[in-house]
Amino acid sequence: MLYSEVIKRSDMISCALCCNARCSEACPHLAPDRALRSIWFDNEDIASLSLPPENPCLSCDAPCEKACVRSGKVPVKDIMTRLYDEVRDKAEIPIPVDESRLACELCGIPLENPFLLSSSVVASTYDMCARAFEAGWAGACFKTICTLDIHEASPRFSAITGDNGSIQGFKNIEQLSDHSVAENMDIFRRLKEKYPTKFILASIMGQNEAEWEELAGLCAENGADAVELNFSCPNMQEDGLGSDIGQVPELVEKFTKAAKQGTDIPVLAKLTPNVAAMSPAAEAAMRGGADGIAAINTIKSIIGVSPFTYVSSPAVKGRSAIGGYSGNAVKPIALRFIAELGQSEALKGLHISGMGGIETWRDALEFILMGAGSIQITTAVMQYGYRIIDDLKAGLNYYLAQFGAGHLKDIIGAGLASVSDTTDVLERDTILFPKFDKSKCIGCGRCYLSCQDGGHQAISLTDGVPKLDGSKCVGCHLCLLVCPQNAISSARKRIKR
């Protein structure tokens, strides 16, 4: 069974995912924090298989729960027992020891796995990149190097959070590296000397053709494996930079060509999602000599307008600005652009480095299936730390082993054939009815309300028990989506109209 999904994030909604978690310090038998984190990042099979053969929780008085920073709110003992009783037997294969199937390449240069830090604060100093490399990241796209005089605003981050406090959408008004070019070149040299097998992707931004060429050459001379051209930052103070370039294919081509003249290492163009279609800019980058495309950068946004001050967030002395939106909320938009690039015949052969809302190995897999050959991540690292690499690698490796894929490249773009840019291709002659699981239903009536007021009035409610009227149901599955108990599934029978 593929990732049994018996235990959900909602089962541990109060878990703070602590650093140096007290639950594990108190437990004499297990590392419950590691198991909880694996569940959070869609690795419950691995969480169960990583536990000792016999369940020590059965005869334990749960000191982990007493030590928890939210004592009494996280049912650690129950969750560990469910891993033993409900999950372990459903795992189809043992945890693979060999991670070689994760090995891939970026424009012909080997990567030990597809996971890189994306250009941002998470990859902005020697120490940060070194700690990420030690943790298991294959490489880093260093924070964008420029000759501009960078002075950041404070505060410069804001977020939209879910019911459990985790970040769903993240806004930043941050700009580029505030280190000098010379300081950043010194960092590259030191990183390459200490970590020769790690991939250094140097993000750069020039103000004119000469600067694009010069910066690309300097990065290559000082240890960068490839260069990423930042045609996509939405937060620049000056016009004609960042996403202003990415929206004009002629400028993308001109500055890509300039950068290519300065170096013989691979060059990727990082493109803006603040366009109707990305292919024109991508094709322009290819004409300019780009070896790959990186996408997406953040989406221009306004969030959190205060009902008291009328200022959006983050507010800086009573003012705010349009900024870049990221986080899991942008993943559907990012996947749409990745699929557009992956399906383009004109772009065949170009490497696609995908990013935008990736938190778990499943998120990463979706990008790979849409054509991405490498993965870049920032917002999830900002929220959870470099440690997420453990579950990213473990989950993707387990999936590949489970499906008998010998190599990551075997599945790149495997989902593209299912995607159409029009709904005209969809079959419309059958209805797939919902199916109610009475053992899970708690009688809340949410399905009834949604069907009544947002659907087709196909569900009635008697003493808290929902009943389907097949003559009215159109198979939209709104009820399935709103059910808080996951008590509604798709019926296997397809009904002809």
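The relative contact order of the chain, computed from alpha carbon pairs under 8 Å that lie at least 6 residues apart in sequence, is 12 percent.
Normalise the Debye intensity by I(0) for the stretch 427-496, one equal point scatterer per Cα, no solvent, then take log10 at q = 0.11, 0.14, 0.24 Å⁻¹ and round to two decimals. So the normalised log intensities are -0.23, -0.37, -1.07.
A DSSP coil position with no more than 11 other Cβ atoms inside 10 Å describes none of the trypsin sites (Lys or Arg not before Pro) in the stretch 227-308. Placing +1 on each Lys and Arg Cβ and -1 on each Asp and Glu Cβ, with no other charges, gives the stretch 9-90 a dipole about its Cα centre of roughly 320 debye. In this structure, the amide hydrogen of LYS300, modeled 1.01 Å from its nitrogen in the peptide plane, lies closer than 5 angstrom to those of TYR325, counting only residues at least 5 positions away or on a different chain.
Structural descriptor for the stretch 290-394: relative contact order 27 percent, calculated from alpha carbon pairs under 8 angstrom and at least 6 residues apart. Of all lysines in the structure, the ones whose alpha carbon falls short of 27 Å from that of LYS317, not counting any fewer than 8 places away in one chain, are LYS143, LYS171, LYS300.
Taking 7 Å steps out from each Cα toward its Cβ at PHE308 and SER490 produces label points 4.7 nm apart.
Between ALA417, SER439, PHE403, the Cα set farthest toward the positive side of the dipole of the stretch 374-452 (charges on each charged residue's Cβ, about the Cα centre) is that of SER439.
Positive-end ranking of VAL227, HIS29, LEU102 along the dipole of the chain, with charges on Cβ about the Cα centre, is headed by HIS29. Hydrodynamic radius of the stretch 339-497 by the Kirkwood approach over all distinct alpha-carbon pairs: 19.0 Å. Take every pair of alpha-carbon atoms less than 8 Å apart whose residues are at least six positions apart; their mean separation over the length of the stretch 1-122 yields a relative contact order of 28 percent. Give the residues of the stretch 66-86 whose amide nitrogen is closer than 13 Å to a point set 7 Å from the Cα of ALA26 in the direction of its Cβ. Residues 66-78 qualify, since their backbone N sits under 13 Å from the label point.
Sorting 203-215, 366-378, 303-315, 475-487 by their mean Cβ neighbour count within 10 Å, with the most densely packed peptide first, gives 366-378, 203-215, 475-487, 303-315. Start at zero, step by 5 Å, and the Cα-Cα distances of the stretch 122-264 spread as 2, 10, 18, 19, 18, 16, 11, 5, 2, 0, 0 percent across the bins.
Taking amide hydrogens as placed 1.01 Å from N in the peptide plane, the amide H of GLY139 sits under 5 Å from those of LEU117, PHE199, each at least 5 positions away in sequence or on another chain.
Rounded to a whole number of µm²/s, how large is the Stokes-Einstein D of the stretch 146-189 at 20 °C and 1.002 mPa s, given Rh as the Kirkwood radius over C-alpha pairs? Could the numbers behind the result be given before it?
Numbers: Rh = 12.9 Å.
Translational D for this selection: 166 µm²/s.
For the stretch 113-203, the set of trypsin sites (Lys or Arg not before Pro) satisfying both a DSSP loop assignment and a count of at most 10 other C-beta atoms within 10 Å is empty. Taking a straight line from the alpha carbon of LYS66, these aspartates and glutamates sit under 19 Å away, with near neighbours fewer than eight places off in the same chain left out: ASP11, GLU25, ASP33, ASP78.
When the Cα gyration tensor is reduced to axis lengths a ≥ b ≥ c, the ratio a/c is 1.5 or higher for the stretch 9-90, and with a/b not above b/c it is classed as oblate.
Quick check for me: using +1 on Lys/Arg Cβ and -1 on Asp/Glu Cβ, what's the dipole size of the chain about its Cα centre, in debye to the nearest 20? Can you show the working numbers first?
Numbers: 49 positive and 60 negative charges, 350 e Å.
The dipole of the chain has a size of about 1680 debye.
Highest mean packing comes first when the peptides 105-113, 35-43, 406-414 are listed by Cβ atoms within 10 Å, giving 35-43, 105-113, 406-414. DSSP bridge analysis restricted to the chain gives an antiparallel fraction near 50%, rounded to the nearest 5. For the chain, the alpha carbon convex hull comes to 178 Å³ per residue, rounded to a whole number.
Bridging of LYS435 to lysines at a Cα separation below 18 Å is possible for LYS467, LYS472, LYS493, LYS496, once same-chain residues fewer than 8 apart are set aside.
Read the figures in this text as sums done on the coordinates, not as results from a lab. The shown structure was predicted, so the numbers you read here are calculated from the model rather than taken from an experiment. Don't worry about glycine lacking a Cβ; one is built from the backbone with ideal geometry, like all the others, and counts go over all protein chains shown.
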